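Everything on this sheet refers to the single structure shown next.
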Amino acid sequence: MKDFDSNRIYQILGDEFKNIYIVDCEDQRIHTFKETLTLPGFSSCTSYNDAMNQYIDDRVYEKNRDMLRMALSFNSLFSRLEKTEHFNIHYQSKNDSEVHFMYSHFGRVMEDGRLSQIIIGFANEDLDIRRNNIDMFNNALPSNVVKRKVLIVEDNEINREILKETLEDDYDVIEAVNGEEGLNILSQYYKDISLILLDVVMPVCDGFEFLSRQKSDSLLASVPVIVTTGNNSQEDELKCLGLGAVDFITKPYNARIVKSRIDSVIKLRESSMTLAAIEKDELTGLYTRQAFYHHARTFTHFMTEEKFNVVILDVADFKLINGTYGTKKGNEVLVYLSNAFRYYVKNGLLTRYEGDQLLGLFHSKVKMDVERINRNINKIAEEAPIPNIRIKVGIYEDIDTSLSIPIICDRALMAEKSISKDFKTNVAFYTDEMNQKQLAQRQMENDFKSAIANREFKVYYQPKYDVNTENIVGAEALVRWQKPDGTLISPGAFIPLFESDGLVVHLDEYVFENVCQFQKERMENKLPMVPISVNLSRASIHFNDVVEHYVDIVNQKQIPFECVPIELTESATLYSEKILEITDQLVKAGFKLHMDDFGSGYSSLTSLNELNFSTVKLDKSLIDYIDQVRGKKIVQQAIDLGHGLDMKVVAEGVESKEQKDCLKEMHCDMIQGFYYSKPLKQEDFIEKLRA
């Protein structure tokens, strides 16, 4: 934490705050800058989230707590201050049985374009901050700041003048002589009016009728009303409260009380508006995820007799849209989809769940119709701002409301993910089988560390044969997972999972080390050795110091680098400066590089040209069509291309004598596949080498 710049902090906050704290954005710890009264939780070096949660629990009125907790979490605070220099929040606090109106200001300190510190000031509005001066951060109100507008609806001219004289220094006062005129003014200027002072007894349209008509219009009802009355009738007060009034002022007017009440009501309203802004996603206007979680809990607990559904909408390849059309057009698509989502999802809550994912929770007794949903998806896609967007929908129908909201949402997301790569299917429902699959995946992740330690992962070897001599001239190392009970787990079940969560980096290194140990033992025993290639996943390529790790292992085993070639999948080697750097390092260290899966759909001639491969492996998807005229020509051209670039060519997935003979005619160098051998356990592979 750097030393505090006092002048800078006071420039941000002013000097009226009794308590000032600084949060270091790097470690999220609290540092006390100024403390007049000790606040619960706020002590130096405390975690910000812990401090704020304790303060909210101890000092904030219960009805404000959840919203403040959401708005003032470190992540929400950091995100908001990245976009704005400062903001403030007003709330009610209860201390020693007294209710106070509290005010907190949040400002930022930027260093090298990065948010480094958050400045927090706490004050009691009633005692610490000068009224109507709390939005000024440089101790002076700029001359161009527009005053808040207050509408006085009062038929008595003397009373209007008294109120106007009391308020006009601090507010822009608008006058109406009766309720009808007041409603007309309110209809035109409701966006600009901060508060209404309303007399009850008036001709044409009295205070009760005014409140009733205002209440019927949600836009007009958003402006708070303080009723002015001279009869102190409890019955009238209750009636006004029922119609939406927020407070009362009795006649004759006490200037100090009038200004204090008005100020408090306006500040609380503005605070509510600030919190509402934090709740909503700035681009789409939908709830943020955390706000959605909060309201969804209330929604489902309150409506216990309803059946709820969750729908998640995702755009396939949205990054491609941003890359092709630009971010501005991508945002336009998201706004369009949000509006369409609002139209089709009734009786519920909507959120921009993450990136281009939109999620809705709604109640309905009608079973969801897949055909109708598909028609709606097609209509949305047809009318989108750009052509050919593909929309995927995941649904969790008749949800289990006993589950947490995040888990409920995950189930809809699970359904959507199940069809994310399926071009034919656009709608999927969550099933128990999906949950069982996810549970099995979580179990595999949990078991991974112990499986590595207990050597449950077994290395299998699939031989590579010389086309002409039909002798074993190499092999590829593959991995299987054998559980302690003897169950063998296919790599198709765990490799994609470990690739997605990053565990494959450790698995790659485990396999590489095992192969190096195998080669070391053969060399020490003076047994024939063939190169055994080891796969390096995309995640491993980008892992820090991967080359140094692998070089260290080879040096420790004291084996030649040539006996453990590195196989890189075609998709992982799409040309980039990073890939060029890594592959150059591997080759300079002494490794041979093989391009795996060539022709599987990501073929990049640039990668073949720029990256220093010694061998190219033709994918099984090419070999499967070798008996067709066009397929045969493609394979021949691929072999010729490899030889033309001074590379050996391996055909993998060879399953028949016809395929083998055809490849021999084409002068392919090596064959790998079930025609000669399936992947073998180590002891079986050793027997093959002896033969």
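The values are calculated or read from the model by the stated rules, or taken from the named source; none is laboratory data. Just so it is clear, the model here is predicted, and its values are computed rather than measured. In this analysis, Cβ positions are derived from the backbone assuming ideal geometry, glycine residues included, and neighbour counts consider all displayed protein chains.
Observations
- Test: SER79 is within 16 Å of PHE106 (Cα to Cα), modelled with pLDDT of 80 or more and among the polar types (S, T, N, Q): yes
- Filtering PHE518, PHE543 for residues that are of a type outside the set (Ser, Thr, Tyr), assigned by TED's automatic domain parsing to the domain that holds LEU580, crowded, with 16+ Cβ neighbours inside 10 Å and part of a helix (DSSP H, G or I) leaves a single hit, PHE518.
- Within the stretch 625-652, the only residue that satisfies the criterion of being crowded, with 20+ Cβ neighbours inside 10 Å and charged (D, E, K, R) is GLU652.
Each row is one residue, and each column tells you yes or no for (1) surrounded by 17 or more Cβ atoms within 10 Å (Cβ to Cβ); (2) in contact (Cβ under 8 Å) with a residue 60 or more places away in the chain.
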site: SER212; (1), (2): no, no
site: SER222; (1), (2): no, no
site: THR229; (1), (2): yes, no
site: ALA255; (1), (2): no, yes
site: LYS259; (1), (2): yes, yes
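- The stretch 480-502: number of residues that are within 12 Å of SER537 (Cβ to Cβ) and buried (at least 20 other Cβ atoms within 10 Å of the Cβ): 1
- Verdict on ASP627 being assigned by TED's automatic domain parsing to the domain that holds VAL467 and over 28 Å from ILE582 (Cα atoms): yes
- All positions within the stretch 420-478 that are closer than 30 Å to ASN388 by Cα and not acidic (Asp, Glu): SER420, LYS421, PHE423, LYS424, THR425, ASN426, VAL427, ALA428, PHE429, TYR430, THR431, MET434
- Condition met for PRO484 (out of contact with any helix residue (DSSP H, G or I) (no Cβ under 9 Å at 6 or more places or on another chain) and farther than 17 Å from GLU445 by Cβ): yes
- Screening ASP135 against (1) modelled with pLDDT of 80 or more; (2) charged (D, E, K, R); (3) not assigned by TED's automatic domain parsing to the domain that holds VAL258 leaves a single unmet condition, (1).
- Taken over the stretch 447-469, the residue count meeting the criterion of being polar (S, T, N, Q) and in contact (Cβ under 8 Å) with a residue 40 or more places away in the chain is 2.
- Conditions (1) under 28 Å from ARG690 (Cβ atoms); (2) more than 34 Å from the chain's Cα centre (by Cα); number of the one not met by VAL511: (2)
- Residue pairs whose Cβ atoms lie under 8 Å apart, sitting 6 or more positions apart in sequence or on different chains, and linking a residue in the stretch 546-565 that is over 15 Å from VAL511 (Cβ atoms) and in the same structural domain as CYS516 (by TED's automatic domain parsing) to a partner that is buried (at least 19 other Cβ atoms within 10 Å of the Cβ) and charged (D, E, K, R), are PHE561/LYS592; GLU562/LYS592.
- Enumeration of residues in the stretch 277-309 that are modelled with pLDDT under 80, β-branched (Val, Ile, Thr) and in a helix (DSSP H, G or I): ILE278, THR298
- Residue count for the stretch 30-75 satisfying the condition of being in a helix (DSSP H, G or I), touching a residue at least 24 places away in the same chain (Cβ under 8 Å) and not aliphatic (A, V, I, L, M): 6.
- Condition met for THR274 (more than 16 Å from ASP155 (Cβ to Cβ) and at pLDDT 85 or above): no
- Residue match in the stretch 352-375 (condition: surrounded by fewer than 19 Cβ atoms within 10 Å (Cβ to Cβ), at pLDDT below 90 and within 21 Å of ASP281 (Cα to Cα)): yes
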